[in-house]
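Written below as structure tokens is the structure these notes are about.
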Amino acid sequence: MLFDFGGTLDADGVHWSPRFHAAYRAVGGGLDFAAFETFFKASDTAVARLPDIRALGFRAAIDAQARLLAGFLPDRVDPGVIAQRLHADALAIVTRNTPVLERLARRYKLGVVSNFTGNLQPCLQELGLARFFSVMSDSALVGWSKPDARIFTHTLDALGVSPQRTWMVGDNFEADVRAAAALGMRTCWLAPPDRSPPGGLVPTARIARLPDVEQVLD
């Protein structure tokens, strides 16, 4: 089984940008999401270029991005409060999901395929999740990003499994679901119930919370 990381293991199908926006609005930020997202994307690019990014764990990476984001935004907000809210919310989901991954790891070979910034393994280690995954493919390290088929085949080869015998679980329909389905994998889309799927493909399964994946497999 393959999993995405951000939005999948640490949230119920909600991407990073709306999570940062919700925290920003909670501390008094005034921008709507469309305006905010431009600044968030700039912070995404900036955090990937930090000289020490590959050593940063989960909380340190959130702190760094919140500080960078606050520097781009036109209104003044407290990056420490934004980071604290994001971290607490993610930690609650990870804590809930950990027993699920522990059970799955007893039954399947597990891997992570993530478009990340070079510090996927330190983040998973800090969250106590790295022990469940035999392979952790970080796009910044392997050189390919989803939906490029090569990041999937790299992970499958490292696990020693075929696409036809593998599930891909992720929150991004294009990068996770459509890309994995093109290789012959079964797909499980993790998304809030009100999110409409793009046309042209029906995932093998759809769930709103990661724990529901056990029902899909059974």
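The values are calculated or read from the model by the stated rules, or taken from the named source; none is laboratory data. None of these values were measured; they are calculated from a predicted model. Note that we place each Cβ from the backbone using ideal geometry, even for glycine, and neighbour counts take in every protein chain shown.
Summary table below
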quantity: Leading residue by the ranking (farthest from ALA11 (Cα to Cα)) among those in region 185-218 that are among the hydroxyl-bearing types (Ser, Thr, Tyr) and touching a residue at least 12 places away in the same chain (Cβ under 8 Å); calculated: THR204
quantity: Subset of region 160-197 (residues that are in contact with a Lys or Arg (Cβ under 8 Å, 6 or more places away or on another chain) and modelled with pLDDT under 95); calculated: PRO197
quantity: Test: residue in region 111-126 that is more than 14 Å from the chain's Cα centre (by Cα) and either without any contact (Cβ under 8 Å) to a residue 60 or more places away in the chain or more than 24 Å from VAL47 (Cβ to Cβ) (or both); calculated: no
quantity: Residue match in region 30-39 (condition: within 18 Å of the chain's Cα centre (by Cα) and modelled with pLDDT of 95 or more); calculated: yes
quantity: Matching residues, region 5-48, being touching a strand residue (DSSP E or B) at 6+ places or on another chain (Cβ under 8 Å) and either in a helix (DSSP H, G or I) or within 15 Å of ASN115 (Cβ to Cβ) (or both); calculated: PHE5, GLY6, GLY7, THR8, LEU9
quantity: Residue match in region 71-92 (condition: modelled with pLDDT under 95, within 30 Å of THR187 (Cα to Cα) and not hydroxyl-bearing (Ser, Thr, Tyr)); calculated: no
quantity: Test result for PRO51, more than 21 Å from ALA22 (Cα to Cα) and not in a helix (DSSP H, G or I); calculated: yes
quantity: Search result, residues across region 54-101 that are outside any helix (DSSP H, G or I) and surrounded by 15 or more Cβ atoms within 10 Å (Cβ to Cβ); calculated: LEU56, GLY57, LEU73, VAL77
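Residue-wise test of (1) assigned to a helix (DSSP H, G or I); (2) touching a Ser or Thr at 6+ places or on another chain (Cβ under 7 Å); (3) of a type outside the set (S, T, N, Q); (4) surrounded by 15 or more Cβ atoms within 10 Å (Cβ to Cβ).
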{"position": "SER137", "(1), (2), (3), (4)": "no, yes, no, yes"}
{"position": "LEU156", "(1), (2), (3), (4)": "yes, yes, yes, yes"}
{"position": "VAL177", "(1), (2), (3), (4)": "yes, yes, yes, yes"}
{"position": "GLY184", "(1), (2), (3), (4)": "no, no, yes, no"}
{"position": "CYS188", "(1), (2), (3), (4)": "no, yes, yes, yes"}
{"position": "PRO193", "(1), (2), (3), (4)": "no, no, yes, no"}
{"position": "PRO198", "(1), (2), (3), (4)": "no, no, yes, no"}
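Every residue, every condition in (1) touching a Phe, Trp or Tyr at 6+ places or on another chain (Cβ under 9 Å); (2) more than 29 Å from THR95 (Cβ to Cβ), yes or no:
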| residue | (1), (2) |
| --- | --- |
| HIS154 | yes, yes |
| ARG186 | yes, no |
| TRP189 | yes, no |
| PRO192 | no, no |
| ARG195 | yes, no |
| PRO198 | yes, yes |
| ALA208 | no, no |
